[in-house]
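Taken together, the values in this text are just the output of simple stated rules run on the coordinates, not laboratory data. Everything numeric here is computed off the predicted structure, so don't read it as measured data. All Cβ positions, even for glycine, are placed from backbone atoms using ideal geometry, and neighbour counts span all protein chains on display.
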Amino acid sequence: MKKALDTALLFIIAFVILRFVITPTRVPTGSMLPTIEPNDCLIINRLPYYFTAPKRGEVVSFHHKKTRLIKRVIAVPGDTLDIRGGKVYVNGKELDEPYLYEEDSTYEFMMADNSLPLEIAEDRYFVMGDNRDDSEDSRYFGMIHRKAIYAKPFINVWPLNRIKLVK
């Protein structure tokens with residue numbers, strides 16, 4: 001009887017950890033190249049965003065139209081965002097983006113209802129992929145709400161030759 005209770009408790013603990021703390025996920029596209037490659041398997045950590053807000057430059061996982069996406073936070077609430085000449089400007093300063101797949105590859109908005117420069121609203125975030133030529137991101141679907149951001153990719157665990165922390 002004790003062994004059955006121990007096993008049940010172990011399953012409950014594992015379920016709680018996998019549901020509310022860490023979750024494995026596979027990335028199907030190249031929108032985050034070179035940071036994350038297609039078919040990389042990541043462990044995402046849900047704990048950070050229970051307690052803190054996402055910061056500019058962080059890679060985040062969020063829900064958009066019942067799909068889980070992974071992108072980089074480019075602008076946070078209160079920021080002013082501008083895109084011109086293939087570069088991103090936040091609060092009037094050019095954003096240093098060493099993670100980009102191709103330099104000067106950020107094209108302007110595709111959204112009809114927004115114009116640049118754009119003020120980032122309270123509880124909203126502007127996200128983009130690192131592979132700007134192949135990323136459906138805030139330039140297409142607009143700013144995302146803070147409540148949609150649920151986790152921070154923590155570590156790439158597969159394939160084995162790409163094991164590394166996600167930055």
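Details
- For the chain, the 222 nm mean residue ellipticity estimated from helices alone, with every DSSP H stretch of n ≥ 4 adding -39500 (n - 2.57) and the total spread over all residues, rounds to -4500 deg cm²/dmol.
- Candidates Asn39, Asn131, Asn156: whichever shows maximal mean-square fluctuation once the chain is modelled as a Gaussian network with Cα springs under 10 Å: Asn39
- Sparse-neighbour loop sites [GluC sites (Glu not before Pro); the range 46-149; at most 11 other C-beta within 10 Å; DSSP]: Glu103, Glu122
- Label-to-label distance, Asp96 versus Lys55, with points set 7 angstrom from Cα along the beta-carbon direction: 1.4 nm.
- Thr80-Thr25 FRET efficiency (beta carbon distance; Förster radius 35 Å; 0.05 resolution): 0.60
- Helix 2-20 and the longest principal axis of the Cα set of the chain meet at an angle near 0°.
- With neighbours defined as other Cβ atoms within 10 Å of a residue's Cβ, the residues His64, His145 order from fewest to most as His145, His64.
- Neighbour cut-off at most 16 other Cβ (10 Å), DSSP loop, chymotrypsin sites (Phe, Trp or Tyr not before Pro), the range 37-127: Tyr99, Tyr107, Phe109
- The slack in the chain from Cys41 to His145, taken as 0.36 nm per residue of separation less the alpha-carbon distance, amounts to 34.9 nm.
- Normalised contact order of the chain, rounded percent, pairs of Cα under 8 Å and 6 or more residues apart: 27
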